[in-house]
Amino acid sequence: MRRILGDAVVRHVLSRLLLYLFAGLVLVFFALPLLWLVLTPFARTPSFRIPAPSFTLHNFRILLDNPFALRSIGNSLILAGGTALLAVVFAGTAAYALSRVRLPGRDALLYAILLLSSIVTGTAAMVPIFLMLFQLHLIDNRLALILVLTGGLLPSAMFILKDFMDTVPKSYEESARVFGASPLQILRHVVAPVVRPGLATIAVWAVVQVWGNFLLPYILLQQQTKQPAAVIMYTFYDEGGQPNFALISTFSLLYSVPVVAAYLLVNRRYGFRFQGGIKG
Amino acid sequence: MAAIELAQLEKTYPGGVRAVDGLSLTIADGEFFALLGPSGCGKTTLLRTIAGLEDATGGTLSIGERDVTRLAPGQRDVAMVFQDYALFPHMTVLDNIAYPLRIKRIARPARHERARQTGDGLELAELMARRPAELSGGQQQRVALARAVVAHPSAFLFDEPLSNLDARLRLSARTFLKRLQRELGVTTIFVTHDQAEALAMADRIAVMEAGRIRQVGTPREVFGRPANTFVANFIGSTPMNLLPATVTDHRLVLAAGSLPAPDHLADGTRVTVGIRPEYLDFSATAVPDALTGTVGIVEHLGTSSLVTLETEGGPVGVVVPEDDEPAAGAPGWAVPRPGRVLLYDTESGDLIPD
């Protein structure tokens, strides 16, 4: 009896140990790159390894001297901000219409758009998109790139926002209508503020998507002065293909700050929720 | 200030459902008018059609001698209070009340000033900076009213304004709403399914069934002389006794007894006798011209009790004072008060005039 009990205890302890060991390994696996990201920019001899403790701002000097680095962060901000703005406006109005107007086959339409979008913005469509913009003389045009990026995000954004719009009681709008508000006023004064958490979610999601997008800007923007951070990072290698660690490490840190900041800001103000834009 | 006139107003939904079926009705300037009926009778649809939230499919509607049948809701100069109040959750009470003025492009200081004045009148002064979620049901209702009042419309439309309040609050809100309407003198239509609410508040009531009006009248008329058995059944906190009878030798012969009949009814006419439990007197001893049976269930209503008399012709309700409550199982007689017996045509259900 006692031995059976003892066995159970041993087995329990062992399984716990294995679990902690596994969790520890997973933790190290994910933590090491982050540690590298935070420490290397300040290391005297930056490399692939986690640096020994040391502190210098010299690497940032190198970053500032690079003609494209800071400008590319600015470019990324323009692309991400523009796309987020357009995605919120277009997806918001479309989702509002889809939520309020009874169309036959409305849900089928939404799912079809959602399904096609993964094809349209995927790698398969790169060549046609490039050719189309080339014919239109829109290569190297930031607005054109923003439109292409927005187009890729719209279906999912519409899908998510329609859910938010569906939760806005009709009586809010009817009440405003009886007071004489126009549809646009209703959207601006009543619907948009009520679904604000949803709009914020879409905006941050759009920023993150664009921030990390490499292929589209790489293909559609050819002047280095217009390229965003994700593309410019690729140029921080010398002729021999050796990475310039001083540049890459500092740039990576700079590159990750805006996205984290945007997330924290929005999360704090609205909190991320995927349904129910109404309090009380 | 405006009278509201409906002429053959019709609302048919695309599926063919006739929610409002050719209604003609005139609501006088300053009148407090109730649309009363069971759920699904079209009363809310009628109110929404008057507001312009539903398009009329036929007939005309005028407010203050202006034909508004085809006008957008915002151009009809009406204000509506919704059942759920529809306060904007992201705005403060002040901004909510001022919203109609914002639409009218009145500058912020001026509209806040007016909203504050209106709010003061409705005892909302302390709550101006709060959001709707921080208010009680009664406060939310007053904010919704203030938002309607501030617009100075020519008519108010209330959709079940009291149904979201708890029972006790509903009583005080009833008095409050009636006083407010009196003071403002604005023509008001309100929708309710609660007959007691309609009787208590309205100057006149329209009782609706299946998109049609079954009776229009003052609360006294509708309660005292329902025009047909539908209204008779619907109005009153205790249902009216409706009993089949045949005229024989100038008497109404019922299964439970016989009553004197008016002279103009021919022998053999089949009628439905309608008597409210409140208009029946209970007697423990045999009396002439009464309905007889044994005392069944006794329900306490506070100062009075509802006695169900089990008769040959089915149960008959009688309201007795609390002190005269009979014992269950005892024999009893129910005597109608003079002039309170109503006769309805058995076929059509319509009231037979005296």
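Annotation for the range A:173-189: at least one member residue is aromatic (F, W, Y) and surrounded by 22 or more Cβ atoms within 10 Å (Cβ to Cβ). Against the list (1) at pLDDT 85 or above; (2) open to solvent by 50 Å² or more (accessible area, probe 1.4 Å), the condition B:A245 fails is (2). Any residue in the range B:12-33 that is free of Cβ contacts under 8 Å to residues at least 40 places away in the same chain and within 12 Å of another protein chain (Cβ to nearest Cβ)? Yes: the range B:12-33 contains one or more residues that are free of Cβ contacts under 8 Å to residues at least 40 places away in the same chain and within 12 Å of another protein chain (Cβ to nearest Cβ). Residue under question is B:G64, and the condition is that it be open to solvent by less than 50 Å² (accessible area, probe 1.4 Å), over 17 Å from B:L122 (Cα atoms) and touching a residue at least 60 places away in the same chain (Cβ under 8 Å); does it hold? Here the answer is yes, as B:G64 does meet what is asked. Does the range A:245-262 include one or more residues that are surrounded by 15 or more Cβ atoms within 10 Å (Cβ to Cβ) and assigned to a loop (DSSP other than H, G, I, E, B)? Scanning the range A:245-262, I find no residue that is surrounded by 15 or more Cβ atoms within 10 Å (Cβ to Cβ) and assigned to a loop (DSSP other than H, G, I, E, B), so the answer is no. For the range B:174-193, residues that are assigned to a loop (DSSP other than H, G, I, E, B), open to solvent by less than 40 Å² (accessible area, probe 1.4 Å) and at negative phi total 1.
Count of the range B:318-349 residues, restricted to those that are exposed (fewer than 13 other Cβ atoms within 10 Å of the Cβ), touching a residue at least 40 places away in the same chain (Cβ under 8 Å) and either touching a Phe, Trp or Tyr at 6+ places or on another chain (Cβ under 7 Å) or closer than 20 Å to B:I297 by Cβ (or both), is 2. Answer yes or no: is there a residue in the range A:131-147 that is in a loop (DSSP other than H, G, I, E, B) and within 25 Å of A:V195 (Cα to Cα). Within the range A:131-147 (the criterion being in a loop (DSSP other than H, G, I, E, B) and within 25 Å of A:V195 (Cα to Cα)), the answer is no, since none of the residues qualifies.
Restricting the range B:155-169 to residues that are open to solvent by less than 70 Å² (accessible area, probe 1.4 Å) and free of Cβ contacts under 8 Å to residues at least 40 places away in the same chain leaves a set whose member that is farthest from the other protein chains (Cβ to nearest Cβ) is B:L169.
Give the residue that is nearest to A:A144 (Cα to Cα), with candidates limited to residues of the range A:95-120 that are small (G, A, S) and open to solvent by 30 Å² or more (accessible area, probe 1.4 Å).
That would be A:S118.
Listed by first and then second residue, the pairs with beta-carbon distance under 6 Å, at least 6 apart or on different chains, first residue in the range B:135-151 and without any contact (Cβ under 8 Å) to a residue 40 or more places away in the chain, second open to solvent by 10 Å² or more (accessible area, probe 1.4 Å) and in a helix (DSSP H, G or I), are B:G138/B:L169.
Does any residue of the range A:191-207 turn out to be crowded, with 23+ Cβ neighbours inside 10 Å, assigned to a loop (DSSP other than H, G, I, E, B) and within 13 Å of another protein chain (Cβ to nearest Cβ)? Yes; the residues of the range A:191-207 include at least one that is crowded, with 23+ Cβ neighbours inside 10 Å, assigned to a loop (DSSP other than H, G, I, E, B) and within 13 Å of another protein chain (Cβ to nearest Cβ). Please verify whether B:R48 is away from chain A (no Cβ under 13 Å), over 15 Å from the mean Cα position of the chain (by Cα) and open to solvent by 10 Å² or more (accessible area, probe 1.4 Å), treating the condition exactly as stated. No, not satisfied.
Kindly indicate whether B:R204 is more than 13 Å from the chain's Cα centre (by Cα) and basic (K, R). No. Annotation: B:L291 fulfils all but one of (1) open to solvent by 30 Å² or more (accessible area, probe 1.4 Å); (2) within 28 Å of B:A266 (Cα to Cα); the unmet one is (1). For B:S62, the criteria (1) in a strand (DSSP E or B); (2) facing chain A (nearest Cβ under 9 Å) hold in every case but one, which is (2).
Annotation: B:T57 fulfils all but one of (1) within 23 Å of the chain's Cα centre (by Cα); (2) more than 20 Å from B:A198 (Cβ to Cβ); (3) among the β-branched types (V, I, T); the unmet one is (1).
Please enumerate the residues belonging to the range A:208-235 that are open to solvent by 20 Å² or more (accessible area, probe 1.4 Å) and not in a helix (DSSP H, G or I). A:G212, A:N213, A:F214, A:Q222, A:Q223 - these are the residues of the range A:208-235 that are open to solvent by 20 Å² or more (accessible area, probe 1.4 Å) and not in a helix (DSSP H, G or I).
Taken across the range B:121-141, residues that are within 14 Å of another protein chain (Cβ to nearest Cβ), in contact with a Pro (Cβ under 8 Å, 6 or more places away or on another chain), open to solvent by less than 10 Å² (accessible area, probe 1.4 Å) and of a type in the set (S, T, N, Q) do occur, with at least one present. Of all the listed residues (B:D249, B:D281, B:D263), the sole one being touching a Pro at 6+ places or on another chain (Cβ under 9 Å) and of a type in the set (D, E, K, R) is B:D281. For the range B:74-120, the candidate set comprises residues that are small (G, A, S) and away from chain A (no Cβ under 14 Å); within that set, the residue that is surrounded by the most Cβ atoms within 10 Å (Cβ to Cβ) is B:G119. Reported count of residues in the range A:163-172, each being open to solvent by less than 40 Å² (accessible area, probe 1.4 Å), more than 30 Å from A:V257 (Cα to Cα), assigned to a helix (DSSP H, G or I) and within 14 Å of chain B (Cβ to nearest Cβ), is 2. Residues that are surrounded by fewer than 20 Cβ atoms within 10 Å (Cβ to Cβ) and either in contact with a Gly (Cβ under 8 Å, 6 or more places away or on another chain) or within 14 Å of chain B (Cβ to nearest Cβ) (or both) within the range A:148-162 comprise just one, A:I160. If you scan the range B:262-283, which residues turn out to be outside any strand (DSSP E or B), buried (at least 22 other Cβ atoms within 10 Å of the Cβ) and in contact (Cβ under 8 Å) with a residue 60 or more places away in the chain? Of everything in the range B:262-283, just one residue is outside any strand (DSSP E or B), buried (at least 22 other Cβ atoms within 10 Å of the Cβ) and in contact (Cβ under 8 Å) with a residue 60 or more places away in the chain, namely B:R276. For A:L79, the conditions (1) over 30 Å from A:A144 (Cβ atoms); (2) in contact with a helix residue (DSSP H, G or I) (Cβ under 8 Å, 6 or more places away or on another chain); (3) at pLDDT 85 or above all hold with the exception of (1).
The values are calculated or read from the model by the stated rules, or taken from the named source; none is laboratory data. All values reported here derive from a predicted model rather than from experimental measurement. Note that each Cβ is placed from the backbone with ideal geometry, even for glycine, and that neighbours are counted across all protein chains shown. We work out accessible area using only protein heavy atoms, side chains counted, and drop any ligands, DNA or RNA first. Shrake-Rupley method; radii C 1.70, N 1.55, O 1.52, S 1.80 Å.
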